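Contents: one structure, followed by commentary.
Derivation of every value follows stated rules applied to the coordinates shown; laboratory data play no part. All values derive from a computational prediction rather than experimental measurement. We place every Cβ from the backbone using ideal geometry, glycine too, and count neighbours over all the protein chains shown.
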């Protein structure tokens with residue numbers, strides 16, 4: 001494939017002179033040149049691009065991707081594909097328990113419920129009062145404060161003591 005410097009694309013307009021009668025050839029030549037250039041199928045990546053390129057040449061792919069032309073020399077298509085390692089990554093991470101595909105189903109929760117660890121590496125919605133009771137020893141004269149906040153989409157509570 002080729003690329004063309006934009007400034008190299010010109011039309012022959014020598015037959016078009018102000019105040020002079022022209023014939024069809026004076027107009028046909030630049031029109032045919034413009035049509036020939038358009039048929040090359042070249043484009044610019046942006047308005048600031050100084051070259052005209054074919055799409056295949058202007059497009060670069062990184063690691064894990066490939067590009068290919070299908071139906072060469074006929075009704076060509078540009079095919080972009082991901083490496084099978086990348087397309088299988090989601091399934092591998094999900095199977096390894098590293099991610100939960102689709103996130104948390106908040107529709108299963110009712111008002112007043114929080115997301116709690118179930119002890120088996122997963123989480124489940126439960127009432128705020130559900131869970132293990134924790135005994136706390138408090139020294140007389142110490143003020144206790146209970147705070148709660150949403151952390152990464154889950155409600156978390158903490159106790160703090162101050163003298």
Please give the per residue volume of the convex hull enclosing the alpha carbon atoms of the stretch 60-103, rounded to a whole number of Å³.
103 Å³
Estimated FRET transfer efficiency when R0 is 25 angstrom, pair residue 8-residue 59 (beta carbons, to 0.05):
0.65
Expressed in whole Å with the largest first, what are the equivalent ellipsoid semi-axes of the stretch 1-59 derived from the C-alpha gyration tensor as the square root of 5 times each eigenvalue?
30, 12, 7
At 0.36 nm per residue, and after removing the present C-alpha to C-alpha distance, how many nm does the segment from residue 20 to residue 85 gain when stretched out fully?
16.6 nm
Quickly rank 19-25, 82-88, 59-65 as a protection proxy: mean count of other C-beta atoms within 10 Å, highest first.
82-88, 59-65, 19-25
